[in-house]
Amino acid sequence: MARAGLTAELLTRAGAELADEVGFDQVTVSALARRFDVAVASLYSHVRNSQDLRTRIALLALDEMAALAADALAGRAGRDALTALANVYRDYAREHPGRYTAARLRLDPATAAASAGGRHAQLTRAILRGYDLTEPDQTHAVRLLGSVIHGYISLELDGGFGHSAPDTAETWARIMDALDALLCNWPTPPSAA
């Protein structure tokens with residue numbers, strides 16, 4: 001029997017908060033049961049297991065970031081849009097480090113297809129259309145932007161840049177400049193030259 005007041009949504013949000021506090025890797029059904037001071041078994045009518053809970057947190061994080069990104073991109077183009085999107089991810093990672101990590105969780109194909117992950121790709125492609133990129137260059141650019149933006153954020157979260165000057169904000173701005181310049185002058189493949 002389900003414990004009164006507990007729902008899958010409540011547990012997902014509590015799991016997301018727990019992830020931000022202790023790290024996504026530490027989120028389990030047992031840890032969540034301790035948070036609610038209930039028996040682990042009372043949670044299984046809402047979530048199947050720890051993997052199900054972790055997947056739900058990942059989907060929540062993807063939804064939250066997609067909504068923030070869509071709002072940030074409204075009415076923007078070019079470097080302004082690129083920076084707005086990148087800043088959404090960076091700010092979200094700083095505010096919600098566990099959820100940000102959750103958003104990188106590898107999902108099964110059906111779950112991924114139904115998630116907000118596709119919205120993230122669409123938002124990035126909308127920015128790239130402003131740079132006049134078409135396929136297959138758009139796909140290459142989506143991968144490049146994802147690698148650079150999320151790679152930098154992950155390294156920064158892990159403290160990788162905290163022991164040297166200049167400040168990471170200055171580096172971040174330079175990265176946005178470099179990505180904008182690259183997208184404005186996207187290289188022609190050798191076979192097409």
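The values are calculated or read from the model by the stated rules, or taken from the named source; none is laboratory data. Quick caveat, the model's predicted, so the values are computed rather than measured. Note: ideal-geometry Cβ built from the backbone for every residue, glycine included; neighbour counts use all protein chains shown. Quick note on the areas: whole protein, heavy atoms, side chains included, nothing else; ligands and nucleic acids left out. Shrake-Rupley method; radii C 1.70, N 1.55, O 1.52, S 1.80 Å.
Remarks
- Applying the set (1) in contact with a Lys or Arg (Cβ under 9 Å, 6 or more places away or on another chain); (2) open to solvent by 50 Å² or more (accessible area, probe 1.4 Å) to Leu133 leaves exactly one unmet item: (2).
- Meets criteria (closer than 19 Å to Ala103 by Cβ and either out of contact with any Pro (no Cβ under 7 Å at 6 or more places or on another chain) or among the β-branched types (Val, Ile, Thr) (or both)) for Ala39: no
- For the range 138-164, a residue qualifies if it is in contact (Cβ under 8 Å) with a residue 12 or more places away in the chain, over 17 Å from Met176 (Cα atoms) and open to solvent by 40 Å² or more (accessible area, probe 1.4 Å), and exactly one does: Leu157.
- Within the range 113-125, tally of residues that are touching a Leu at 6+ places or on another chain (Cβ under 7 Å) and either open to solvent by 40 Å² or more (accessible area, probe 1.4 Å) or of a type in the set (A, V, I, L, M, F, W, C) (or both): 2
- Only listed residue being surrounded by fewer than 19 Cβ atoms within 10 Å (Cβ to Cβ) and within 23 Å of Arg143 (Cα to Cα), chosen from Ala8, Ala67: Ala67
- There is no residue in the range 96-110 that is over 21 Å from Asp20 (Cα atoms) and basic (Lys, Arg).
- In the range 81-112, residue surrounded by the fewest Cβ atoms within 10 Å (Cβ to Cβ) [restricted to those that are among the polar types (S, T, N, Q) and over 30 Å from Cys184 (Cβ atoms)]: Thr111
- Residue pairs whose Cβ atoms lie under 8 Å apart, sitting 6 or more positions apart in sequence or on different chains, and linking a residue in the range 45-57 that is free of Cβ contacts under 8 Å to residues at least 24 places away in the same chain to a partner that is open to solvent by 30 Å² or more (accessible area, probe 1.4 Å), are Ser50/Thr28; Ser50/Ser30.
- Residue check for Asp177: open to solvent by 50 Å² or more (accessible area, probe 1.4 Å) and within 30 Å of Pro189 (Cβ to Cβ): yes
- Residue within the range 36-50 that is surrounded by fewer than 19 Cβ atoms within 10 Å (Cβ to Cβ) and aromatic (Phe, Trp, Tyr) present: yes
- Residues (open to solvent by less than 70 Å² (accessible area, probe 1.4 Å) and free of Cβ contacts under 8 Å to residues at least 24 places away in the same chain) located in the range 15-35: Ser30, Ala31, Leu32, Ala33
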